[in-house]
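Have a look at the structure below, then the notes.
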Amino acid sequence: MATTTLPEFLRARRERLQPESTERRRTPGLRREEVAARAGVSVTWYTWLEQGRGGVPSDDVLERLARALELDATNREMLFLLAHDRPPPRRPTPPAEVTPALQRVLDNLHVPAFVKTPTFQIVAWNRAAVAVIGDYAAIPERDRNMLRRVFHPEAATFLPHGDDMRRTCLAAFRVDIARAGASEEAAALVDELMETSADFRRLWAENELHTHGVRYRRLVRPNVGELVFETSVLSVDGSDGLSMFVLSPADDASARGVDQLLRELVGSPSTR
């Protein structure tokens, strides 16, 4: 099956729009001259574009066409991919809220998992994460941040290989915020950690960049000892930057340790 072309895409989206006038029309949607007027381009050029001979539109023209055709984020991206073979310029937006469906996915996982924003703010978690990592609901929202946790002076008490964790988290953070676009929240977090953490200043100066990938993490918990996890990071489709962190026990001993911590959590007075 042939892929969609730019002329086909433009025609299909134009024909889906409802004209403002109530006059009866032989064909559905807007006329070409109406789209051209909305986008501020000539009717002739837009007609050529729908015929596959209008040349390559600039980013500015594509943005005006996206508004004229009332495209949502997905269709705007498709417009740029068809015209330029690349996504559109970034539009910094706050990450979407965690939906009940996404929370149910977390709750149905029997291993620690949580959802984070591009600035590594943790916005949702499951019971296994509470048992193994801690109860995020019990701490101020500002402190529910992975970077603040791993660069905290007391992080060494539960991160036996903390420097590796700090290094990989920071490298992935740089990629995530670059993808999401500059934001005041990201800039403020960097400024804060530059001031409060010598480790952060040292690693930030190295300018290391890489995605999360699949990595092994080690955590130490009282009465259980060291737990080894294989971490996976999954993008949440349609969420404007949310991703899910899943920590799968890497061996039988770690799996038993997670089960023990879960039993202790269920048996604690606060969860009865």
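The values are calculated or read from the model by the stated rules, or taken from the named source; none is laboratory data. Note that the coordinates shown come from a computational prediction; the quantities given were computed from them, not determined experimentally. Because the Cβ atoms are built from the backbone with ideal geometry, glycine has one as well, and the counts that use them run over all protein chains shown. When the accessible area is computed, the model is the full protein with side chains, heavy atoms only, and any ligands, DNA or RNA have been set aside. Shrake-Rupley method; radii C 1.70, N 1.55, O 1.52, S 1.80 Å.
Structural remarks
- Residue, least open to solvent (accessible area, probe 1.4 Å), within the range 248-272, restricted to residues that are at pLDDT below 95 and either of a type in the set (Asp, Glu) or outside any helix (DSSP H, G or I) (or both): 268
- When the residues of the range 193-217 are filtered to those that are outside any loop (DSSP other than H, G, I, E, B) and under 30 Å from residue 99 (Cα atoms), the one that is most open to solvent (accessible area, probe 1.4 Å) is 216.
One line per residue, one yes/no per condition, for (1) touching a His at 6+ places or on another chain (Cβ under 6 Å); (2) at pLDDT below 90; (3) charged (D, E, K, R); (4) farther than 21 Å from residue 186 by Cβ:
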{"position": "201", "(1), (2), (3), (4)": "no, no, yes, no"}
{"position": "204", "(1), (2), (3), (4)": "no, no, no, no"}
{"position": "209", "(1), (2), (3), (4)": "no, yes, no, no"}
{"position": "214", "(1), (2), (3), (4)": "no, yes, no, yes"}
{"position": "221", "(1), (2), (3), (4)": "no, yes, yes, yes"}
{"position": "225", "(1), (2), (3), (4)": "no, no, no, yes"}
{"position": "237", "(1), (2), (3), (4)": "no, yes, yes, yes"}
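- Only one of 112, 89, 100 that is loosely packed, with under 14 Cβ neighbours inside 10 Å and touching a residue at least 24 places away in the same chain (Cβ under 8 Å): 89
- Test for residue 142: is it open to solvent by 70 Å² or more (accessible area, probe 1.4 Å), not in a helix (DSSP H, G or I) and not hydroxyl-bearing (Ser, Thr, Tyr): no
- Once the range 175-199 is narrowed to residues that are among the polar types (S, T, N, Q) and modelled with pLDDT of 85 or more, the residue that is farthest from residue 253 (Cα to Cα) is 196.
- If the condition is being modelled with pLDDT under 85 and either more than 20 Å from the chain's Cα centre (by Cα) or not in a loop (DSSP other than H, G, I, E, B) (or both), then the range 70-109 contributes 73, 74.
- Subset tally (residues that are in contact (Cβ under 8 Å) with a residue 12 or more places away in the chain, assigned to a helix (DSSP H, G or I), of a type outside the set (S, T, N, Q) and open to solvent by 40 Å² or more (accessible area, probe 1.4 Å)) for the range 154-174: 2
- The condition of being modelled with pLDDT of 85 or more, part of a helix (DSSP H, G or I), closer than 26 Å to residue 112 by Cα and open to solvent by 80 Å² or more (accessible area, probe 1.4 Å) does not hold for residue 148.
- Of the residues making up the range 147-178, those that are within 19 Å of the chain's Cα centre (by Cα), farther than 13 Å from residue 200 by Cα and of a type in the set (A, V, I, L, M, F, W, C) are 172, 175, 177, 178.
- Within the range 1-52, tally of residues that are open to solvent by less than 60 Å² (accessible area, probe 1.4 Å), free of Cβ contacts under 8 Å to residues at least 12 places away in the same chain and among the charged types (D, E, K, R): 1
- Cross-chain or 6+ apart pairs with Cβ under 8 Å, the range 217-232 first and within 16 Å of residue 114 (Cβ to Cβ), then aromatic (Phe, Trp, Tyr): 217/229; 219/158; 219/229; 229/216; 230/216; 231/216; 231/245; 232/245
- Per-region count, the range 19-69, residues at pLDDT 85 or above, assigned to a loop (DSSP other than H, G, I, E, B), of a type in the set (Gly, Ala, Ser) and closer than 24 Å to residue 86 by Cβ: 3
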